[in-house]
Every structure is written in C-alpha cells, then in structure tokens.
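Step one of this worksheet: look at the structure below.
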Amino acid sequence: MPRRSDSDDARPDANLSAEERDELLDDDFKAALKELAEGYKPFLEAELKRAQATPDALIKDAAANPTSCEEEFAQAEALFAKFTSEDVAPKLLPAAVREYLGPIDRWRWCLLHVRCCLVFGWLLCRGPRTFRASIYYLYRYWRCVREVLGAPVSHPPTPAERKDFLDLIKAMAKAYQPYLRDQLAAAEFPAGLPDEVFGGSLDCDEGADAQVRILEQLLTTDTARALLGADILAKHRQDAFFWFCRCWCLCAIRLGCCLARARTLKDLVRCLRWYRRCLADCYRRLSCDLQGPTGCVRGYTDVVPGRILEPVVGSAEGALFARYLIEVRDPGGDLMSNVVVYPDSVGNPDLAAVQGNYVVSGGTLGWVDVHKCAVDAGVDLLTSTTFELTLRVFGTDGSELSPPCITTFSLSVNETFIKVVGGATSVDYLSPPEPLRVGGGSSDPLATVGGQVGVAGAANVYGCLGEKIREYNLWAIPDPSFSFAQPAAYSAVSPGPNWVLLSHIEFTPQTIPQPSGPPIAYTADQVRSYNVLDGDPSPSALINTWGTRNECITVVVDFTTVTFCWRVPSLNGHSMNSNALLQPFRLNPALHQGGTGKFTLLLQVIDTSGNTFYDVQRAWIDNEPIQGLISGLSGVPACEDLYTMNQGGMFKTVNVEGYAWDELIEPGNLAQPTSDNFDHYTVHFAKQGVPGAVQLVNSASPVPARPMPLAIGSLVSWSLQTLDALTNPLSLPPPLSNHLLDRGESCTYNVILRAWDKTLVNNGSTVHQTGPILFPVKIINGPEP
C-alpha cells in the first residue's frame, strides 16, 4: 500500500477517488513534487525581483542581459537537476519497476538519458516552434544524449556523426508530415471550425500534445542507432530493460512538455501525477504490435544485395522479454521457411539470425523476402497472392504472448530481369553490378559479346490489385564508366538521345486473320495470356516484334481424330546486330571500327496501373575484328626463294614477321577477358600438295605485346632445320613427316597464321577469328649459293 503522511497539510479534494487521494498523499510523490517545486524557486524569485524593479532598471537589465539559447539550456539543466538525481528520480517508479531495474549501476546510463529527454520536452514545448526550430533542439538533445553516454559529438562532427544527425532530421521530417498535413487541411477548409469552437471541442488545450505525438513517432528503435551511435546502441540494447528506458524517455518528454505549458504551480501536481501513471504503464507485460506489411507490397532491393525485402514494422516488447518469431504462411496456409531476415543489435539485417533477440519499439522487426515467398509459393500464387504474417513474442520465463499479432499482405509480383545477353549469363541477375559470365556459375570466366546479340529474361507482372503488364521497353545505353544506376521502381525515366531502343512491346487488343473464316479479335488479356514472358523454365526473349503463330488442338469426334488450328498473336524473338546498331556509339571512334564499347541494357516494365519496374545489365560488347598478317620471313617477301642453310652449310633461323592482334575495348585497360579479349594465335607450315600442317607456335600473347599499338613484330622464331627430312628435329611421324624435304629438294610452302579472341559472337555460336592467312614461299633444303 502507498505510504500515508501524518501531516494535515495535504488534504486532497473530496471529489477525488480513494486511489487518487492515496497517490497525492504518498511520501514518494510528495518528495518528488517538493524537489520539482524547489527547482522552480530560484527562477520565480528572480522574476519576482525583476517585477519589483523600476521600469528603467528592467529595461537596462533586458538590454544588458538578453536571453540566449545557452541561458535557456542552462535554466533547463538547473530546473531539473535535483528532480532527476539518483535519489529522487526513482521515487516515482513503481516498486515492481525498481525491483526489475535492480542496482543503479545497471541503469545509471538510462537515468542520464532520461534527463536529456526531460530537458528536450521542456524546451521544445515552451512556445510555438517551427519545424526548422525543432531541428535545433533536436541537435541539442542529440548532443546531450551522446555526451552523458560517454560518446560526445566531435567538433566538428565526423562524417559518421553527420550522417547520424541527418538520419534523425529525416525521421523528424517524416514524423512532422502528418501534423503539417492536418494543419494545412484545417487552414484550407476552415468552415467547420466555428462549430467546434461554439461546441467546446476546440479550446485552449487544442494541440497541447502535438509535439509529443510527433516525438513518439521520431524516437523509435529504428532511430536509436542515429541517436545513441552504433557502439552505444549495441552495448545497451542487450540490457533487458532497454525497452523500458525508451518508454521512460517518452514519459519524460511528455512531462517536460506538460511543465513547459503549466500556467500555475498547481499544474505541476497535474503533470507529475500523469508522469507517474505513464511510468507505471511502461512496466507492462509482453506486448506486440504490427503496423506492416499490409495491403499491396512489392519489397525493396536496397536492403540486402540480391534480395527483395519488405520491412516488418511494429513492436515486440515488455517485461521479461526474451525473443520473438515472425512466421509467414503462403496463400495455401502452409508455413514458409527461410523467408524472414531478422535485425542485429544495431538494426542491420543479420542473415544468420533465426529469431528476433532484441526488443523493438515502433521500429523494424525484420524483413520478409518477398521474392522467395513468391518462388516458394509456386502454383498457389495462381489463385491468391495473399500471405499471412504472425508475430510471436516469448518471455524469459518460457511464456508466450497470447494471442499473437497477425497481419496479412498481398504481393504485387513483378518479374523484371535480364539474365542472358548474347549467350553470356548473369548469375545473380537481381544485382545491378553483376557481370556477364561465359557459363552459368559464379566462378565462370567473365564474358564479352558481339555480332548478333539476343537478350533474354523476364517481363511479367501479376498479383494484387489486378495489375498486369501493359508494355515494356528495352534499351542499350552507352555507359563508358558503367555508372548508369538502376532506376528505382515506380520512378519515371526519360530516354537520352544516345539510348538505343532495342524493343518496345505493348499488350493491346489485336485482330488476327485466320487460315479460314473471319478474323478473331483478341482482348489485351488474351494477348497477354498467349505471350507470358515469365522466364520460366528458361529465359524469355526480350527483343521481340509482333507476329502470329498457330495454336492447335486435336479432338476425337465419332471415333475420328480432328485437328483444329487457329492463329494467335505471337511475340517473335530476334537478336540485334550489335555491330551495326551500336557502331555510332562506339567507345573510341579513333580506334574502333565496329559497335564496340561498354553498354548498360535497361529493361523497363510498365503495368496497367502505370507502375514501373526496372532491371539493368552491364555488357562489354566487342565488334572489333581480330587482325592477322604475315609480312615476311626475316625480310624474305612472299613467293621468293628461301634456302634452309647459309653458305657455310649451317641451318638458318628466320623470324616469321607480322602481327596477331586485337584492339582493346577500353584503351589502357588490360583486364581479360573484358577489355582485352585476345585468346591465342597459331603458326603452321604446310608443303604444297601434302594434307595437314605442322605447328610452329600456339601463343596466348598477342603480337605486338600489350600495351603496344598495332605494328609488325615477330610471330615465331623458325629454325629451318625443322624442314630437314634427314635429321627431323621435331620427330614428326608420318604423315606429318611428308612435309619435310630431302637434301637438295625444293618445294613451295605455305606459312599459315590463324588468330582468335574470346568474345561470344552471334549468341555464343562462334568467336572472332582471322581464318587461315597464307604466306607462300619456295624453300630449298640446301646451302644458299
């Protein structure tokens, strides 16, 4: 029972309830009230002294000592110093809370934080404040919290501190917006205000708690990181009473606001009574709340790379909190696995977490992987896209909150991605920076493409609100620095003058002539149903034009098989001629002959509600012919005589001169196989009229070597003794030995050069290559005259 005072000085109004009278007569309440009133005393005495001064003295004092921001803060600190001390502040906490908190050493940090909250509420509510002015007080509050928790803000703030404060400002702006909209609506439509005034619903208390309600929306678990700092948050969020500290802070802000608007000292009693009840309400048992996801959701791609995540927003808190679980059931009612990502101690996604381990108050409880939900739901999505989400909260004593919190949401499913370009594959196609690879594995070599280039993926929309694909566009965008960012979903883009439109398809009604009988008019929905670009089981062609195809069914009528066929609208897939189409936008016109460069492919899908979805794929495109030439054999031109020995009878060595070379896509960039796509070259010799050829070299290094420009070099050093049948230094077996010469024998030979690059040409069916380059020469196996 509350302790009663023996004093007769306090006699509450007889109209109060017994509980209210006991509250006012409680010694702890009176002790706290006394300290609060004592805090006001110096300021009231100073103001009384000023009131008794002459007007001249008052004017002189006001001119000499104008009120400053620092004086305002100093006054607030002095006003509440004793009230928030370690011996007074706990007096207003319920006994159960004091027992729950334990020794002051455990929660001193929380009390220091609460003092900042009280000062913040008092300063912010002392008078009308604009949004801009509130930011200044938010700044002082932020600095106060950081300082009392042992992590003061630097002077000047570090980049990380600046970001934290900007995040707080953005949160404050978001919290302010509903209030500002309400005020604007009242100003634009004032006709009902007279009735509210005359009826008494609009009085002097109007808007008294507006600032506090705004701050409650601001001070959520999600903003705690920006307010406290990541290190402090990680340290204290593990405390069992972390959630209580936030609630205590909000009560303190409300108390500060109430005191700032107090008209008389009697109002202090009213404010303090409310404050005590607020603290008692903070100590509540397990509770939960779900604010989202609800309605039609689409998810976000900027939370975790490669995933589309929708935040779960709400609260999981209370005394003896231990953990929480988020469960998702598919449209068929089956519990889904591995579709929830939980936050870590500072609110970042933790892919390894299997439950929520920290109290969340009005913040992000986790994220639902909506893409995985859609994939795992499978055929159930054909009948419904509504999922059920359940939040279960557990206590340290093994108890579970009952009933749990439940919400439902529907998926707006869009399949918008580019997976294959010119025979190369994007493995993690949801990630905008993901490169193209030769195969389908993440460790496969990087790829360049050229020639006829097809593009495949998916362009499909279905789900809530009856949304369906209306049209799509596919562009190739010159992007020398690969800096074109994937546009955000639901945003608009304006094609640049150098964007190359590869495909524009609209799903509109079509009338198709038939093999016999009248034409058939197909609705837009029917056109869509015959041309679903869902990329399943293999990527769908995205460079398309409209055409027709036959659809047939076979039925049995009176034991007779009859086949019926009709024509339907059909998307006919194509490949772009990248060499011709992109040639005007080649990366380096001075060096490149064809449509060569770095391009970003942009896929835009627009649904029937006008929503837009995007995917990008970066591509190195190579349309440079590989170049090869044999210019001579150590100066001996084509078709001339070449002796294998010098006059002294020693076998000669000659250089096969020429080049085997491929232009870089990006000048100076020697990265293979993107910018530098040279693969290898070979040099053979072949005796006229003898099948086959003998290889002299197979080299992966171009001639001239990188980074030299195109010029004549040595392709291979050739010892002409390799042609001598007597010694056969290469140990060539038959029939290759038939390419050799007996002593004194002569014959015409071809020296043959071939070169290749690594570019996937014509959708991977070939690569750039020179074909055989022949250099004829007559060789005599003997000493020169």
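The values are calculated or read from the model by the stated rules, or taken from the named source; none is laboratory data. All figures in this text were calculated on a predicted structure; none of them were measured in a lab. Reconstructed Cβ throughout: ideal geometry from the backbone, glycine too, with neighbour counts over all protein chains shown. Just so you know, the surface numbers come from the protein's heavy atoms only, side chains and all, with ligands and any DNA or RNA stripped out. Shrake-Rupley method; radii C 1.70, N 1.55, O 1.52, S 1.80 Å.
List the residues, sorted by chain then number, that are 5 or more residues from residue 300 or on another chain and whose placed amide H is less than 5 Å from its amide H.
Sorted by chain and number, the residues that satisfy this are 309, 310.
Would you list 675, 719 from the most to the least accessible area, probe 1.4 Å?
These residues rank, largest area first, as 719, 675.
State, to one decimal in nm, how far the label point of residue 446 lies from the label point of residue 408, with both points 7 Å from Cα in the Cβ direction.
4.9 nm
Please give me the summed charge of the neighbours of residue 780: other residues whose Cβ is under 14 Å from its Cβ, Lys and Arg +1, Asp and Glu -1.
Its environment carries a net charge of -2.
Given that just one value was derived from the coordinates, which of (i) 60.9; (ii) 71.2; (iii) 34.0 is mean projected area of the Cα convex hull in nm²?
The value computed from this structure is option (i).
So if a site counts as exposed when it's one of the trypsin sites (Lys or Arg not before Pro), its DSSP state isn't H, G, I, E or B, and it has at most 13 other Cβ atoms within 10 Å, what's the longest stretch of the chain without one?
Result for the longest clean stretch: 286-742.
On C-alpha positions alone, give me the angle between the axis of helix 55-64 and the longest principal axis of the chain, in degrees, nearest 10.
It works out to around 20 degrees.
Quick one: which residues, 5 or more positions from residue 463 or on another chain, have an amide H under 5 Å from its amide H? H modelled 1.01 Å from N in the peptide plane, none for Pro or chain starts.
Residues meeting the amide H criterion: 413.
FRET efficiency for residue 525 and residue 490, Cβ-Cβ distance as r, R0 = 22 Å, nearest 0.05?
0.40
Quick check: net charge around residue 116, other residues with Cβ under 14 Å of its Cβ, Lys/Arg +1 and Asp/Glu -1?
Once all neighbours under 14 Å are counted, the net charge is +4.
Would you be so kind as to identify which of 537, 439, 550 lies farthest towards the positive end of the dipole of the chain, taking Lys and Arg as +1 and Asp and Glu as -1 on Cβ and the Cα centre as origin?
439
Given a 1.4 Å probe and heavy atoms of the protein chains only, how would you sort 137, 100, 490, largest accessible area at the top?
Greatest to least solvent exposure: 490, 100, 137.
Need the full-extension length gain, residue 690 to residue 498, defined as separation in residues times 0.36 nm minus the C-alpha distance. One decimal, nm.
63.7 nm
Please compute the net charge surrounding residue 676, taking Lys and Arg as +1 and Asp and Glu as -1 over other residues with Cβ under 15 Å from its Cβ.
The answer is -4.
What distance in nm separates the two pseudo spin-label positions at residue 296 and residue 397, each 7 Å out from Cα along the beta-carbon direction?
4.7 nm
Roll a 1.4 Å probe over the protein chains and send me the accessible area per residue for the range 272-349 in Å².
Per residue, the range 272-349 has an accessible area of 42 Å².
Let's see if you can work this out: charge +1 on each Lys and Arg Cβ, -1 on each Asp and Glu Cβ, no other charges. What is the dipole magnitude of the chain about its Cα centre, in debye to the nearest 20?
880 debye
Please report the carbon-and-sulfur percent of the accessible area for the chain; probe 1.4 Å, protein heavy atoms only, DNA, RNA and ligands left out.
Ligands and nucleic acids excluded, carbon and sulfur give 54 percent.
Between helix 27-52 and the chain, what is the angle of the helix's C-alpha long axis to the longest principal axis, kept within 0 to 90° and rounded to the nearest 10?
It works out to around 80 degrees.
Placing +1 on the Cβ of each Lys and Arg and -1 on the Cβ of each Asp and Glu in the chain, which of 453, 734, 193 has its Cα farthest towards the positive end of the resulting dipole?
The residue sitting farthest along the positive end of the dipole is 193.
Residue 745: accessible area at probe 1.4 Å, nearest 10 Å²?
Using a 1.4 Å probe on the heavy atoms, I get roughly 60 Å².
Please list 3J(HN,Hα) in residue order for the range 535-540, calculated via the Karplus relation 6.51 cos²θ - 1.76 cosθ + 1.60 where θ = phi - 60°; whole Hz, with x for glycine and proline.
Karplus-based 3J(HN,Hα) across the range 535-540 equals x, 10, x, 10, x, 8 Hz.
For an R0 of 25 angstrom, estimate the FRET efficiency from the Cβ-Cβ distance between residue 428 and residue 670 and round to the nearest 0.05.
0.45
Against the longest alpha carbon principal axis of the chain, how many degrees, from 0 to 90 and to the nearest 10, is the axis of helix 242-260 turned?
The two axes meet at around 50 degrees.
What nm value, rounded to one decimal, do you get for the distance between residue 82 and residue 698 when each label is placed 7 Å out toward the C-beta?
Using points 7 Å along Cα→Cβ, the separation is 9.5 nm.
Provide the per residue accessible area, probe 1.4 Å, for the range 484-605, rounded to a whole number of square angstrom.
The answer is 54 Å² per residue.
Based on DSSP H runs of at least 4 residues, each adding -39500 (n - 2.57), what is the mean residue ellipticity at 222 nm of the chain after dividing by all its residues, to the nearest 500 deg cm²/dmol?
That comes out to -9000 deg cm²/dmol.
What is the distance in Å between the Cα centres of the range 718-739 and the range 261-279?
109 Å
Which of the pairs 163/468; 34/170; 758/778; 91/266; 468/758 have their Cα atoms more than 29 Å apart in this structure?
From the list (163/468; 34/170; 758/778; 91/266; 468/758), the Cα-Cα distance tops 29 Å for 163/468; 34/170; 758/778; 468/758.
Spelling out what I want: for every residue of the range 674-681, take phi, set θ = phi - 60°, compute 6.51 cos²θ - 1.76 cosθ + 1.60 (Karplus), and round to whole Hz; glycine and proline get x.
7, 6, 9, 9, 4, 9, 6, 9
Starting at the first residue of the range 153-165, write each ³J(HN,Hα) from the Karplus equation 6.51 cos²θ - 1.76 cosθ + 1.60 with θ = phi - 60°, in whole Hz, x for Gly and Pro.
Values, residue by residue: 5, 5, 10, x, x, 6, x, 5, 5, 4, 5, 4, 5 Hz.
Roughly how many Å is it from the Cα centre of the range 215-258 to that of the range 314-333, as a whole number?
When both Cα centres are located, 21 Å separates them.
List the residues, sorted by chain then number, that are 5 or more residues from residue 690 or on another chain and whose placed amide H is less than 5 Å from its amide H.
none
If R0 is 56 Å, what FRET efficiency do you get for residue 536 and residue 45 from their C-beta distance, rounded to 0.05?
0.10
Hey, how many Å between the Cα centroid of the range 443-461 and the Cα centroid of the range 97-146?
The range 443-461 and the range 97-146 have Cα centres separated by 56 Å.
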